[in-house]
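S.K.: This is the structure I have questions about; it appears just below.
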Number of protein chains: 2
Amino acid sequence: MVQSKTELFEQELIEKAALFKALAHPARLQILQFLAATQSCITGDISDELPLGRTTVNQHLKELKAAGLVTGHIEGVKTKYCLDMDNVKRLREELGGFIDDLHIDNYCCE
Amino acid sequence: MVQSKTELFEQELIEKAALFKALAHPARLQILQFLAATQSCITGDISDELPLGRTTVNQHLKELKAAGLVTGHIEGVKTKYCLDMDNVKRLREELGGFIDDLHIDNYCCE
DNA sequence: TTCTTATGACGCAAATATACGTCAAATATT
DNA sequence: AATATTTGACGTATATTTGCGTCATAAGAA
């Protein structure tokens, strides 16, 4: 492509697409599940749970943080990661809302 | 990367990630909105509505079809695209379900 | 038939994502 | 102090996505 064109779309669509993109990799989904399952916030060796190296997992964590779904607290040498519950809830509403707004109930294709 | 590793994850996660990925671009979100808004199924010149060329839009439509969210019926020279309502509804449940399954209501981070 | 239109397949180039090795800094352990 | 852990930043290689031009095909119009 000559240039990226994502910025030519409506801001709202861009943001929604970015949210979906944050969830568009199985590693990131599994990280979210793992953080949710282990109630207490967990250190970085989430990589033991995934078929990926540590730095790769770190990279995915970084993206989840950028999307606002996860926060990281430094605790001595280690770092504890947590779900950002408020944003995860907001996420759920936004994603459901997008589909609801399509009003597929009335949709009739012929 | 030496090789793609997505296939090393659980099948369920891979499929959910693929669904999210289908929604991870503003053009595809807008295409879905457009198809939903124009009740009658629409020919390919959806590209008039987007800041993208025809072949690019075609490419995005192809991805939406691969994800099962859209179907295309040939009608003479033109092609009519439709939302696949059943799959869109299923999508809504699966995506909401993923977040529900995190049980964030009980989540307590300290 | 000839011309026009609409489409999708194909391939290219640029941008971005994915995966990881290495390294320096910070904290703990000895 | 010397050593060991844990982490994130950085760079690199490969893979995938994105955007588009070109072309051949198929159907309708002239």
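S.K.: Do you know which of the residues in segment B:69-84 that are hydrophobic (A, V, I, L, M, F, W, C) and more than 13 Å from every other protein chain (Cβ to nearest Cβ) is farthest from DNA strand C (Cβ to nearest atom)?
M.R.: That would be B:I74.
S.K.: Give the residues of segment B:61-78 that are surrounded by 15 or more Cβ atoms within 10 Å (Cβ to Cβ) and within 11 Å of B:C41 (Cβ to Cβ), sorted by residue number.
M.R.: B:V70, B:T71, B:G72
S.K.: Could I ask something else about it? With respect to A:L29, determine if the residue is outside any loop (DSSP other than H, G, I, E, B), within 14 Å of DNA strand D (Cβ to nearest atom) and aliphatic (A, V, I, L, M). Before the answer, list the steps.
M.R.: Working: outside any loop (DSSP other than H, G, I, E, B): yes; within 14 Å of DNA strand D (Cβ to nearest atom): no; aliphatic (A, V, I, L, M): yes.
No, not satisfied.
S.K.: Could you tell me which of the residues A:Y81, A:Y107 is buried (at least 18 other Cβ atoms within 10 Å of the Cβ) and hydroxyl-bearing (S, T, Y)?
M.R.: A:Y81
S.K.: Would you pick out the residues in segment A:72-110 that are farther than 20 Å from A:I31 by Cα, at pLDDT 90 or above and of a type in the set (F, W, Y)?
M.R.: Once the filter is applied, which keeps residues that are farther than 20 Å from A:I31 by Cα, at pLDDT 90 or above and of a type in the set (F, W, Y), segment A:72-110 yields only A:F98.
S.K.: Could you tell me whether segment A:85-98 includes any residue that is surrounded by 13 or more Cβ atoms within 10 Å (Cβ to Cβ), within 11 Å of chain B (Cβ to nearest Cβ) and either within 13 Å of DNA strand C (Cβ to nearest atom) or assigned to a loop (DSSP other than H, G, I, E, B) (or both)?
M.R.: Within segment A:85-98, not a single residue is surrounded by 13 or more Cβ atoms within 10 Å (Cβ to Cβ), within 11 Å of chain B (Cβ to nearest Cβ) and either within 13 Å of DNA strand C (Cβ to nearest atom) or assigned to a loop (DSSP other than H, G, I, E, B) (or both).
S.K.: Going through B:A17, B:A24 one at a time, which residue ends up being within 10 Å of DNA strand C (Cβ to nearest atom), facing another protein chain (nearest Cβ under 10 Å), surrounded by 14 or more Cβ atoms within 10 Å (Cβ to Cβ) and in a loop (DSSP other than H, G, I, E, B)?
M.R.: Criteria check complete, one pass: B:A24.
S.K.: Also: For residues that are farther than 23 Å from B:I99 by Cβ and in a loop (DSSP other than H, G, I, E, B), tally how many sit in segment A:69-84.
M.R.: 2
S.K.: Give all pairs with beta carbons closer than 7 Å in which a residue from segment B:53-65 that is of a type in the set (D, E, K, R) meets a residue that is more than 7 Å from DNA strand C (Cβ to nearest atom) and modelled with pLDDT of 95 or more; count only pairs at least 6 apart in sequence or on separate chains.
M.R.: Taking only residues 6 or more apart or on different chains, the pairs are B:E63/B:A22; B:E63/B:R28.
S.K.: State all residues of segment A:28-49 that are facing another protein chain (nearest Cβ under 8 Å) and either hydroxyl-bearing (S, T, Y) or over 19 Å from A:N87 (Cβ atoms) (or both); if no residue qualifies, say none.
M.R.: A:S40
S.K.: Return the residues of segment B:30-60 that are within 21 Å of B:A17 (Cβ to Cβ) and either touching a strand residue (DSSP E or B) at 6+ places or on another chain (Cβ under 9 Å) or surrounded by fewer than 15 Cβ atoms within 10 Å (Cβ to Cβ) (or both); say none if nothing qualifies.
M.R.: If the condition is that a residue be within 21 Å of B:A17 (Cβ to Cβ) and either touching a strand residue (DSSP E or B) at 6+ places or on another chain (Cβ under 9 Å) or surrounded by fewer than 15 Cβ atoms within 10 Å (Cβ to Cβ) (or both), then B:I31, B:L32, B:Q59 are the ones that fit.
S.K.: Across segment A:50-68, which residue is farthest from B:L13 (Cα to Cα) among those that are more than 10 Å from every other protein chain (Cβ to nearest Cβ) and assigned to a loop (DSSP other than H, G, I, E, B)?
M.R.: Quick first cut of segment A:50-68, residues more than 10 Å from every other protein chain (Cβ to nearest Cβ) only: A:54-55, A:57-68.
From what's left, assigned to a loop (DSSP other than H, G, I, E, B): A:67-68.
Details: A:A67: 19, A:G68: 21 Å.
Checking each candidate, the answer is A:G68.
The values are calculated or read from the model by the stated rules, or taken from the named source; none is laboratory data. The shown structure was predicted, so the numbers you read here are calculated from the model rather than taken from an experiment. Ideal geometry is used to build each Cβ from the backbone, glycine not excepted, and the neighbour counts take in all protein chains shown.
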